[in-house]
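Structure first, then comments.
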Amino acid sequence: MINTTKNKGSRGETIACEYLENLGYKILNKNKSTKFGELDIISESKDKTMVFVEVKTIYTKNDGELKSLATCSQESGNKVDKLGKVWQNTSKIADYLSPEDHMSKSKIIKTKRMAQWYFNQYPDTSIKNYQIDLIAIEITDNKNNILIRHYKNIT
């Protein structure tokens, strides 16, 4: 049972960090907050790109829907306003929002501003570029089924 949105977000960020580390990313910072925003995860990829990761997590009760989502294609590299459209024609999931649906255009703009600020505030001579990724996580109520979708360079 989920107690708060903060607990859900924290669990999703923990899962996302483990996922990224398994892919060879180095976690540099988590939950970097300022008065004008927050960055969920700041990491470095194998190719020395600083990757700012926004994590969106939802819990669902239907294991069958999660299994059907696993076959949907990712649109990595596309803007997030197109990502939610991946699910619109799938009748089994039409009655709930995906994690991607929670990544609004205003959230993308805010995350981009925070990423630019952080990249300029904390210069590292070995890191030349940055990108913003979205990790969408769906967890069933019984917590036995976790689905992760990673969208790279969403801006």
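The values are calculated or read from the model by the stated rules, or taken from the named source; none is laboratory data. Here the structure is a predicted model, which is why all the values come from computation and not from measurement. Cβ coordinates were reconstructed from backbone atoms using ideal geometry, including for glycine residues, and neighbour counts include every protein chain displayed. Only protein heavy atoms, including side chains, enter the accessible area calculation; ligands, DNA and RNA are left aside. Shrake-Rupley method; radii C 1.70, N 1.55, O 1.52, S 1.80 Å.
Segment LYS110..THR155, full-extension length gain: 15.1 nm, with 0.36 nm per residue of separation and the alpha-carbon distance subtracted. Residues PHE36, PHE119, PHE52, sorted by accessible area with the largest first, give PHE36, PHE119, PHE52 [1.4 Å probe; ligands and nucleic acids excluded]. Among the trypsin sites (Lys or Arg not before Pro) in the range 10-44, those located in a DSSP loop and surrounded by at most 15 other Cβ atoms within 10 Å of their own Cβ are LYS35. Pairs over the 19 Å Cα-Cα cut-off, from the set LYS112/LYS152; LYS30/LYS56; LYS48/LYS110; LYS35/LYS128; LYS30/LYS61; LYS46/LYS110: LYS48/LYS110; LYS35/LYS128; LYS30/LYS61; LYS46/LYS110.
Extension gain SER10-SER126, at 0.36 nm per residue separation less the Cα-Cα distance, in nm? Provide the component values of the computation, followed by the final result.
On the way: separation 116, 0.36 × 116 = 41.76 nm, distance 2.94 nm.
Answer, rounded to one decimal: 38.8 nm.
In square angstrom, what is the accessible area per residue of the range 11-66 with a 1.4 angstrom probe?
Values: 2700 Å² over 56 residues.
That works out to 48 Å² for each residue.
Separation of the range 104-123 from the range 7-48 is 14 Å, based on Cα centroids. In order along the range 11-18, the Karplus-derived 3J(HN,Hα) couplings, from 6.51 cos²θ - 1.76 cosθ + 1.60 at θ = phi - 60°, round to 5, x, 5, 5, 4, 5, 4, 4 Hz, and Gly and Pro are given as x.
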